[in-house]
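The values are calculated or read from the model by the stated rules, or taken from the named source; none is laboratory data. These numbers were taken from a predicted model, which means no experiment stands behind them. Neighbour counts are summed over all protein chains in view; Cβ atoms, including those assigned to glycine, are modelled from backbone coordinates with ideal geometry.
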There are 4 protein chains.
Amino acid sequence: MIIVMKPQAAAEHITAVKNYIESNGLTAHLSEGTQVTIIGVVGDKSRLSTEHLALFSDVDRIVPVTESYKLANLKFHPDPTVVTVGCTQIGPHTRTIIAGPCAVESNDQLMLIAKAVKRSGATMLRGGAYKPRTSPYSFQGLEEEGLRYMQAAGKEYGLATICEVVSLEAIEAAVKYVDMLQIGARNMQNFILLKEAGRSGLPVLLKRGLCATIEEWLNAAEYIMAEGNPNVVLCERGIRTYETSTRNTLDLSAVPVLKEKTHLPVIVDPSHATGAYRYVPPMAKAAVACGADGLMIEVHNNPACALSDGPQSLNFEKFSHLTEELKPYWTLAGRN
Amino acid sequence: MIIVMKPQAAAEHITAVKNYIESNGLTAHLSEGTQVTIIGVVGDKSRLSTEHLALFSDVDRIVPVTESYKLANLKFHPDPTVVTVGCTQIGPHTRTIIAGPCAVESNDQLMLIAKAVKRSGATMLRGGAYKPRTSPYSFQGLEEEGLRYMQAAGKEYGLATICEVVSLEAIEAAVKYVDMLQIGARNMQNFILLKEAGRSGLPVLLKRGLCATIEEWLNAAEYIMAEGNPNVVLCERGIRTYETSTRNTLDLSAVPVLKEKTHLPVIVDPSHATGAYRYVPPMAKAAVACGADGLMIEVHNNPACALSDGPQSLNFEKFSHLTEELKPYWTLAGRN
Amino acid sequence: MIIVMKPQAAAEHITAVKNYIESNGLTAHLSEGTQVTIIGVVGDKSRLSTEHLALFSDVDRIVPVTESYKLANLKFHPDPTVVTVGCTQIGPHTRTIIAGPCAVESNDQLMLIAKAVKRSGATMLRGGAYKPRTSPYSFQGLEEEGLRYMQAAGKEYGLATICEVVSLEAIEAAVKYVDMLQIGARNMQNFILLKEAGRSGLPVLLKRGLCATIEEWLNAAEYIMAEGNPNVVLCERGIRTYETSTRNTLDLSAVPVLKEKTHLPVIVDPSHATGAYRYVPPMAKAAVACGADGLMIEVHNNPACALSDGPQSLNFEKFSHLTEELKPYWTLAGRN
Amino acid sequence: MIIVMKPQAAAEHITAVKNYIESNGLTAHLSEGTQVTIIGVVGDKSRLSTEHLALFSDVDRIVPVTESYKLANLKFHPDPTVVTVGCTQIGPHTRTIIAGPCAVESNDQLMLIAKAVKRSGATMLRGGAYKPRTSPYSFQGLEEEGLRYMQAAGKEYGLATICEVVSLEAIEAAVKYVDMLQIGARNMQNFILLKEAGRSGLPVLLKRGLCATIEEWLNAAEYIMAEGNPNVVLCERGIRTYETSTRNTLDLSAVPVLKEKTHLPVIVDPSHATGAYRYVPPMAKAAVACGADGLMIEVHNNPACALSDGPQSLNFEKFSHLTEELKPYWTLAGRN
């Protein structure tokens, strides 16, 4: 931690900061510049509150020099994590494709979709049973019934399964039926839910919040991991900007940034990010090209009749064509 | 709802859309332009899915013409709502000042603060007992013990009380001790929590999400109201932008915008928005000047030692000075 | 300047940075922490390039500790600047109201508007003669003819005049007719234009760019001032965010932030920021309440027929009502 | 154009809008809904001002249905444009790589870089001679001397050349020496400069503004094209968001969006977007994968000593490695 004092800071104010640091068992290194004095703090900074220090007289700024997340940090865990999900894995050598409908609508529908995505190379089946919707008057999901359909379809076609959870009750139901929990963008900082997911025993896919910084996202992963659950996968799904020609702005640069900061796998969801099926294939290829460990893609038997997010879903033919097109990109990325 | 067809849309595609609308019991009005055809949909649009329509061939865009929130909508409820909270009210003629520490730290501290803010004219006491923190390693609050201190301090000094809730468990505890629930920015789209708060029987203060549009915010209020709870107060607390000289960007224009769209009271929190105590007084005055029904302000007996958010807290002297300065602004705003 | 080294930085890499600093005639202070080493640089940092340093091995981050703008900086010029514009002034005790149409349309129109705004208390007349428009097919302004009308109307009614300039040619014309130049949001980082405006001899009103940080804005002011022109006034006019219910998001917190960083006057334009005349009065009052030195407000004789930006213009009656309403706010702000 | 009236709009207000439309020689189609009436306008909308209409009583919203740009619009020009630049081309089948230093520093430096990038497969040489810098105290470029070095290096190594221009004077100099003009992000809405570039006779590379929507960007291209210059290439270079781990947020989705809206070539600049050389290779591959017609990449002989933007420059070895890695990606994208 570095403390930057104001220009012409009074000597007694500099001393006060120094004394406070030392009274907490830490060491203060002073650098007196021509314009400003800076104080480096050496020792275990968890003993000090940045917020206290910011209020000392003549303190201009506090600059943290280490990250607040530890378990998710590549610095303390240099090897990439491989997360096992049911019969499959997500990690540095996998070609993970999680595909399925936005919302589970019926058993027949889900069987149809599971069969099609399996045939085209998907490794996991997604399907929403609990839907967080902006308006209370929109379709909210089949809940436990939807989870049962997911389990059945996963078994039938040998696909690992993932469902979004939105409450403790949903987690308790989901652990009985599916292989992985998803925390959605709107709940990325629902810390109670993160802790419960951490305690569930299942691997967790953590979507980035609509306006979350990468730092906040990694801290959210830390909440799950701090409960003893190391099996977290991060999913970039677009951030909110002023641009309106896509639903959100897919931040693909987050992929190489994350690869520098964390050992956790990173996947990309081009369906929710763009909101339009036409943009899914180019952005899926781009995601693999910049290093993503996998993709999450919405697929529907009849997008025109989907109960949720139809315009961004691929039909079976388009999905099959995309998985073919992706093959050389996976190979170029060293995934065999 | 208006459907804009693509230029040179095929006649049969236009007919297909028209037939679909009519088969759902609605009426389609066609306007054939020189460049594009547009179709106005007349009737109860809840019978139609925007998402289905977007996938019909040659459909370019769907433009909604009515809002999805109803109970919160000024159009259907033209008189401003007055929300009663314990011994006080929030509404078009009130001078609501909600003051107190970011986090409840001890009974003594809270009594001291409650006494000071009451003396300076606060109408409600705030204090966090459950703190949603970015890092799992930061102080997370005293929980039920903190709620008990809130109740005691409120009684002692005749202040209505409000606490943030982050889970069903926290709501169940809070209803026993305090007069109003707060849903924080990070939970604005935690729909499960919104529904539980709606069922609690207590009035709810709903903070705007860090990247929530006003439309989404009103839909979140609708979730609470749809459970039969009409007592919702909206609180603007800054949105996330690229500007870094304040913690967030206080969107004061939201106040007059909300006054056009909803009958619910609107208050402003300049402490969290700016993140710096020095900016709280000017922004508090500005909030009253542009029509806010009240303010939420962080006050601490010793900001330099606050366990949370010290840099944005006013000490007693500064808070007292501010409430004096605010008096003529309330009067100018017609609040007596 | 502070250089933060990576954890476990090699001793020779730390030495390399230290040697580079010292070989440039500066002093390096090392603080060796348990996790990281930081190096404080003491001396005239203009001799060093941040960018070179960022490329030394094991350098993690460079933290600047002083601002790059000097002439605009309150630290080096603690007294507030008063800018004289024709027959009026803008500064810490003024009630500046700059009013007029978005675009000058005809001599008659401008005379009518000038008369009305003068009667209601405006101190300056605005009117666009060169309009930067998003589409090349929109009305682009009357150019020099418009400037002549501005001069005539200013003389007739005793109002100082201001026009936006978009090119060297426009500046050369404007200096012949008006009292102050305006640099618009889209040209805030048109550095050539800033320099020319600096050399013009006229005071300059510098609008904030749509996505400019306060730091960049002050650096843009520095471009004008570095040409020997100290008469710069800053104008907040809204920044671009994801919120769409107002045209831009008026960042009123920028007013107190600027008052801490610079001695230059600050005015607020609620017309362009909100894009809707209904929001202009509440935001104008808020701007005065949080410390603005003045306002820029669009006024039109017949907003329904304005050639540009009609929806945000006040008619004469609404403007007159607003200036009356503002009087007690100016008084409360200590402006007499 | 569609006009949405307010709920319960008075019949005479609806009639007034209808009459106004018809008095301008256009046709008004009314659709009377149960909640609102909408009016479709048929005919040449350039005769009508959206802004006038927005002020009619009971008008709620105006929805444009056609784009304001025509020459850049794919609807009116369905074949992709190929832009010829000196000895090379940019278009749907090219593997354009524009490489070189951020700023031209000396003739020797530029010769060295030109030789290296040519050897590695670059098709064009970039180099800044006029640098728009945030601070007036930063290095501003060698100006005409830099242009001469560009010409010499281009000739020596058979590379087409491109330089940023920031003023009419710079355009006049540049046309004598280089093959293509660049309009930088900060000048994207400097409409005077766009027109001058349009009249220069040279092809123009137009970078996206830091906070420009795709719609505004295409309108800026229209300014150049409206001067009779069809040779415009668009360059995505990152937009401003709240995320700070990269300098800007590279909006790669803009590539497929632009391919739907315009026939102009689209290239991507990962160097400026990310601000860090480590992120350039993954984002360059992603750009090719999602359909970009080319790349603009900063290369420097000694990034640690670059006078501008060193941290984002590749050295020769890294650039050579990247161009090798890109080859199969170009092939997959159908570029031979």
Legend entry - Which numbered condition A:Ala221 fails, given (1) assigned to a helix (DSSP H, G or I); (2) away from every other protein chain (no Cβ under 11 Å); (3) under 11 Å from the mean Cα position of the chain (by Cα): (2)
Inset, instruction - Examine the stretch A:292-305 for a residue that is acidic (Asp, Glu), in contact with a strand residue (DSSP E or B) (Cβ under 6 Å, 6 or more places away or on another chain) and farther than 24 Å from D:Gly275 by Cβ, and state whether such a residue exists. - result: yes
Inset, instruction - Output the residues belonging to the stretch C:189-202 that are touching a residue at least 24 places away in the same chain (Cβ under 8 Å), crowded, with 24+ Cβ neighbours inside 10 Å and part of a loop (DSSP other than H, G, I, E, B). - result: C:Gln189
Legend entry - From C:Ala220, C:Ala226, residue being aliphatic (A, V, I, L, M) and either touching a strand residue (DSSP E or B) at 6+ places or on another chain (Cβ under 9 Å) or not assigned by TED's automatic domain parsing to the domain that holds C:Pro311 (or both): C:Ala220
Legend entry - Single condition C:Glu243 does not satisfy, out of (1) in contact with a Pro (Cβ under 9 Å, 6 or more places away or on another chain); (2) within 14 Å of chain B (Cβ to nearest Cβ): (1)
Inset, instruction - Return the only residue of A:Tyr242, A:Tyr329, A:Tyr279 being touching a Leu at 6+ places or on another chain (Cβ under 8 Å) and among the aromatic types (Phe, Trp, Tyr). - result: A:Tyr329
Inset, instruction - Might you let me know whether the stretch C:278-291 holds any residue that is farther than 17 Å from B:Pro256 by Cβ, assigned by TED's automatic domain parsing to the domain that holds C:Gln89, modelled with pLDDT of 95 or more and touching a strand residue (DSSP E or B) at 6+ places or on another chain (Cβ under 7 Å)? - result: no
Inset, instruction - Check whether at least one residue in the stretch B:318-325 is assigned by TED's automatic domain parsing to the domain that holds B:Thr213, polar (S, T, N, Q) and modelled with pLDDT of 95 or more, and report yes or no. - result: yes
Inset, instruction - Sort out which residues of the stretch D:251-273 are among the charged types (D, E, K, R), within 20 Å of D:Gln182 (Cα to Cα) and at the interface with chain A (Cβ under 8 Å from one of its Cβ atoms), and write them in order of number. - result: D:Asp251
Legend entry - Restricting the stretch D:221-264 to residues that are without any contact (Cβ under 8 Å) to a residue 60 or more places away in the chain and among the polar types (S, T, N, Q), the residue that is surrounded by the most Cβ atoms within 10 Å (Cβ to Cβ): D:Ser253
Inset, instruction - Report yes if some residue within the stretch C:287-307 is in a helix (DSSP H, G or I), within 12 Å of chain B (Cβ to nearest Cβ), farther than 25 Å from B:Gly209 by Cβ and not β-branched (Val, Ile, Thr); otherwise report no. - result: yes
Legend entry - Subset of the stretch C:177-226 (residues that are farther than 23 Å from D:Gly209 by Cα and touching a Ser or Thr at 6+ places or on another chain (Cβ under 9 Å)): C:Tyr177, C:Val178, C:Asp179, C:Met180, C:Leu181, C:Pro203
Inset, instruction - For the stretch A:265-311, enumerate the residues that are of a type in the set (Asp, Glu) and surrounded by fewer than 24 Cβ atoms within 10 Å (Cβ to Cβ). - result: A:Asp309
Legend entry - Residue among D:Arg208, D:Arg148 that is farther than 15 Å from D:Cys235 by Cα, of a type in the set (D, E, K, R), assigned by TED's automatic domain parsing to the domain that holds D:Pro270 and in contact (Cβ under 8 Å) with a residue 24 or more places away in the chain: D:Arg148
Legend entry - One residue from C:Ala99, C:Ala122, C:Ala116, C:Ala103 being in contact with a helix residue (DSSP H, G or I) (Cβ under 9 Å, 6 or more places away or on another chain), of a type in the set (A, V, I, L, M, F, W, C), closer than 30 Å to C:Pro311 by Cα and at pLDDT below 95: C:Ala103
Legend entry - Residue list for the stretch A:89-130, filter: touching a residue at least 40 places away in the same chain (Cβ under 8 Å), assigned to a strand (DSSP E or B) and either surrounded by fewer than 20 Cβ atoms within 10 Å (Cβ to Cβ) or not hydroxyl-bearing (Ser, Thr, Tyr) (or both): A:Ile90, A:Ile97, A:Ile98, A:Ala99, A:Gly100, A:Ala103, A:Met124, A:Arg126, A:Gly128
Inset, instruction - Report, by residue number, each residue of the stretch B:162-186 that is assigned to a helix (DSSP H, G or I) and over 21 Å from B:Leu252 (Cα atoms). - result: B:Leu168, B:Glu169, B:Ala170, B:Ile171, B:Glu172, B:Ala173, B:Ala174, B:Val175, B:Lys176, B:Tyr177
Inset, instruction - Check D:Ser106, D:Ser68 and return the single one that is of a type outside the set (A, V, I, L, M) and either over 30 Å from D:Leu168 (Cα atoms) or within 14 Å of chain C (Cβ to nearest Cβ) (or both). - result: D:Ser68
Legend entry - Filtered residue count, the stretch B:165-179, keeping only those that are surrounded by fewer than 24 Cβ atoms within 10 Å (Cβ to Cβ) and either within 16 Å of B:Met124 (Cβ to Cβ) or among the hydroxyl-bearing types (Ser, Thr, Tyr) (or both): 3
Legend entry - Residue ID - farthest from the chain's Cα centre (by Cα), chosen from residues in the stretch C:1-26 that are assigned to a loop (DSSP other than H, G, I, E, B) and within 10 Å of chain A (Cβ to nearest Cβ): C:Gln8
